Amino acid sequence: MSDRTVVLMAVLVCAGARVALPIPMPLVVAAVVVAIAARAQWLVVVAAAALASSLAASAWAGLQPPRPSRVDGWVTLVGDPELVHGALRVEARLDGRHLDGWARGAAASALRPRLAGEQVWVSGSIEPLPAATRRRLGFRHIAGRLSVEAVAAWSPGSAATRGANVLRRRLEAGARHLEPTSRSLLLGVVLGDRREQSQELVDDFRASGLSHLTAVSGENLAFVLALAAPLLRRLPLRWRWAVTVALVVWFALLTRCEPSVLRASAMAAIAATGALLGRPATAVRLLSLAVGAAVLLDPLLVHALGFRLSVGATAGIAVLAEPIARRLWGPQPVRTLLAVTVAAQLGVLPVALPAFGGLPLASLPANLLAVPAAAPLTAWGLTGALVAPSAGPVAERWLQLPTIVLTRWLAGVARWGAQLPLGQVRAVHVVVLVVAGAFVVSARWSWRWVRAASISRPASS
């Protein structure tokens, strides 16, 4: 299957999941079997889109509001608890149903230290969500609201959950002596944990186009795999694949399977599988396969803004970064960084304009200044935070000094970028640029046609 066909399949799979038509599953399965047996690529594409549509319809149908009832039993935390307007909010799973949990007072105090994957015995009540809220939270499969009145006991959950949470608690302990801004930025860049970030810091990063630095994605996963590379290279090919996939799954659990993490994890797993089979793929093909696989596994992902932004940015970089870099002047590192920034911004444009109304122009200079600090912060911050709890007070201060410098640099760049009077790229600007570009291209083609006609006229006479 060609790259173009794979891209088309990914697009149609996303469209099918978005439409969510209740196509009968036996009909879909029959179409898939026929398509595979006939080896007809166009039929495979259509069958995949129909399958995504049917699965999405089933997923929405499974979000029927629960009846009001009492609950006394074990729930599994799907996310980490966070404070929202004086109450503690956490996503929980009960009997296969995801619930939007809220707690106050003593129940909130007992629930706050817990982490995703752990099990908690709660007493409370379940009620349906308002229709608007249910649609907004639907992509997370949340069907109802859980009001937690008391917490009696807790369990650490599965072995994989315990391993991920031990590391998260170790990192949090290593960052405990940092000032709030540095601590929240470290946890955001390394783990994607933005629960402790102040609203002022969130606004600065958003206004300067730097929010992606605190959203874990492929760069963080690439760093983890780079750390493991010396070990992976010594393993036989099959063991290398197995350990790589295990690391990818562990990373997804550690970073809470956020939509952008799912996209990056799918790409890494498919790339590792391609290496095992001796069939390496281009970045565009990897992205398309990852998007198609992720949406088929969870069709409601197409409604997650983080997933769409991640896919758009990755697509922009894969398609546009190299051509843009070739047309820029200056040192290679600066050209590459600027090209990647511009390509990512162009990639997210179709998603960001409807969602946010515009993209800040300050993101270009802000990313040039901030992005080079993100990788050292990930590397040193992760190492320092893991070692710090065992190093003693004096050594801990020295270990955290580079982390403090780097986080303050990021916060300063975000504040500076937010204050730049450059405005935003809005839909009207994009329309004007597209029309102007189309006019220039058509004028160039017309001029070439006129020149060709004038040159060929004497020869014909």
Any idea which of Ala293, Ala271, Ala246 is under 27 Å from Gly163 (Cα atoms), at pLDDT 85 or above and surrounded by fewer than 16 Cβ atoms within 10 Å (Cβ to Cβ)?
Ala246
Pick from Leu185, Leu178, Leu171: which is part of a loop (DSSP other than H, G, I, E, B), in the same structural domain as Gly412 (by TED's automatic domain parsing), of a type in the set (A, V, I, L, M) and in contact with a helix residue (DSSP H, G or I) (Cβ under 7 Å, 6 or more places away or on another chain)?
Leu178
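So that you can scan it fast, the table gives a plain yes or no per residue for (1) within 30 Å of Arg183 (Cβ to Cβ); (2) of a type in the set (D, E, K, R):
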position	(1), (2)
Glu200	yes, yes
Phe223	yes, no
Val261	yes, no
Val284	no, no
Leu297	no, no
Failed condition for Val190, given (1) modelled with pLDDT under 90; (2) over 30 Å from Val387 (Cβ atoms), with all others met?
(2)
Within the range 314-340, residues being of a type in the set (Lys, Arg) and either touching a Cys at 6+ places or on another chain (Cβ under 6 Å) or not in a helix (DSSP H, G or I) (or both) number 1
Which ones in the range 1-39 are charged (D, E, K, R) and at pLDDT below 85?
Asp3, Arg39
Residues being within 13 Å of Pro81 (Cα to Cα) and touching a residue at least 24 places away in the same chain (Cβ under 8 Å): count how many of those fall in the range 109-135.
10
Residue by residue through the range 149-204, note down the ones that are among the small types (Gly, Ala, Ser), surrounded by fewer than 21 Cβ atoms within 10 Å (Cβ to Cβ) and closer than 16 Å to Ala414 by Cα.
Ser198
Exclusive hit being touching a Ser or Thr at 6+ places or on another chain (Cβ under 9 Å), crowded, with 18+ Cβ neighbours inside 10 Å, at pLDDT 90 or above and within 21 Å of Cys14 (Cβ to Cβ), set Ala266, Ala313, Ala252
Ala313
Residues that are crowded, with 16+ Cβ neighbours inside 10 Å and either under 15 Å from Val6 (Cβ atoms) or not hydrophobic (A, V, I, L, M, F, W, C) (or both), drawn from the range 47-74:
Ala47, Ala48, Ala49, Ala52, Ser53, Ser54, Pro66
If I filter the range 374-419 down to residues being more than 12 Å from His177 (Cβ to Cβ) and hydroxyl-bearing (Ser, Thr, Tyr), which single residue comes out as surrounded by the fewest Cβ atoms within 10 Å (Cβ to Cβ)?
Ser390
Among the numbered criteria (1) within 26 Å of Leu254 (Cβ to Cβ); (2) loosely packed, with under 14 Cβ neighbours inside 10 Å; (3) not assigned by TED's automatic domain parsing to the domain that holds Leu386, which one does Leu115 miss?
(2)
Ala226: buried (at least 16 other Cβ atoms within 10 Å of the Cβ) and either assigned by TED's automatic domain parsing to the domain that holds Val302 or on the phi > 0 side of the Ramachandran plot (or both), yes or no?
no
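The values are calculated or read from the model by the stated rules, or taken from the named source; none is laboratory data. All values derive from a computational prediction rather than experimental measurement. Positions of Cβ are generated from backbone atoms using ideal geometry, with glycine treated the same way; all protein chains shown enter the neighbour counts.
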